[in-house]
Every structure is written in structure tokens, then in C-alpha cells.
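Notes for the one structure printed next.
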Amino acid sequence: MGVQLDTGLQAPLIVEDPAEPGGYDMEVVLVLDDWTDGWGDSPQTILERMAREGMVVGGTAMDGMGHEGSAMEDAMPSPDRPLGADTGDVAHPAHLINGRLPEDPYVIRSRLGHRVRLRIINAGSDTACRGRAWGGTTTRGSA
């Protein structure tokens with residue numbers, strides 16, 4: 001798949017359980033994404049640079065294939081590092097919700113008393129979403 005996700009070639013795949021009662025008035029899918037394409041280096045350029053220079057995981061340099069013995073254990077996700085040690089190594093100039101910037105938020109409108117089911121997908125390649133300022137950018141919108 002290479003950098004297809006980082007150029008927007010993505011979509012949610014939702015498998016419905018026919019036995020689930022549901023009962024929602026509305027269902028909304030929110031896709032969160034960190035974004036570089038068109039804002040500086042392309043995803044392909046970033047990938048090539050990382051492969052050439054190697055990645056740093058837990059303070060240990062690794063080759064582009066992620067080999068370094070015990071360093072792989074340090075790279076595993078934990079509560080403090082939900083994406084493992086290899087996170088935040090790419091500067092993302094934009095963070096999107098359903099392809100939109102915070103300045104032009106994706107807005108969901110519903111009636112008082114309606115039940116809304118939210119399916120939230122983190123499609124970001126390098127950012128753990130925490131529900132607050134995300135990667136230095138404040139995400140806004142109403143749900």
C-alpha cells in the first residue's frame with residue numbers, strides 16, 4: 001500500500017452485526033487523519049527520507065525495515081505511547097476530520113433527544129488522537 005493512505009486513498013469498512021438492536025436515529029463516521037500531502041514534502045519524499053536515514057525508536061537508530069533486536073520491545077505500544085516509540089517523527093502541518101481542516105469543520109446536526117452513533121476512526125499514520133489538542137492543532141466541531 002506504500003503511501004496510499006497518506007494521499008487520501010482510504011475509506012472505512014464497516015461490518016454490521018445483524019443481531020445488534022441498533023435503534024440509532026443517525027450514524028456518523030468520523031475519520032481523523034494527520035496530513036502532509038500538498039503542504040511541504042510529499043508522503044513519498046518523507047518515506048524515502050526515512051528509509052535512507054533510518055528511523056529512531058526509543059533512542060536507538062533502526063534501519064528502514066525496523067530491525068534492532070531488543071529495541072523492538074521498547075517500540076511496542078504502551079499507555080504512555082499508544083503508537084509505540086515510533087510516533088511523532090513526521091511533522092504534519094494539518095490534522096483533518098473527514099478531510100476537513102479545523103477552520104472549516106465537519107458539522108453534524110441532530111435533533112434534541114435523537115440517538116447518534118459515532119464511529120471514530122484514527123486513520124493517521126503517526127498521530128495518536130486523544131480528544132484534546134491533536135498534534136498541536138486544536139480540532140473543533142460539534143457532534
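The values are calculated or read from the model by the stated rules, or taken from the named source; none is laboratory data. Just so it is clear, the structure is predicted and the values come from calculations on it, not from any experiment. We place every Cβ from the backbone using ideal geometry, glycine too, and count neighbours over all the protein chains shown. Surface areas here come from the heavy atoms of the whole protein model, side chains and all, with no ligands, DNA or RNA. Shrake-Rupley method; radii C 1.70, N 1.55, O 1.52, S 1.80 Å.
Structure data summary
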item: Those strands (runs of 3 or more DSSP E) lying entirely in segment 49-111 with at least 3 residues modelled with pLDDT of 60 or more and surrounded by 14 or more Cβ atoms within 10 Å (Cβ to Cβ); result: 94-97
item: Residues being open to solvent by less than 70 Å² (accessible area, probe 1.4 Å) and either in contact with a Ser or Thr (Cβ under 6 Å, 6 or more places away or on another chain) or more than 24 Å from N98 (Cα to Cα) (or both) - total across segment 7-22; result: 1
item: Output for segment 1-21, where each listed residue is part of a loop (DSSP other than H, G, I, E, B), of a type outside the set (V, I, T) and touching a residue at least 60 places away in the same chain (Cβ under 8 Å); result: G8, Q10, P12
item: Subset of segment 23-46 (residues that are of a type in the set (A, V, I, L, M) and open to solvent by 80 Å² or more (accessible area, probe 1.4 Å)); result: none
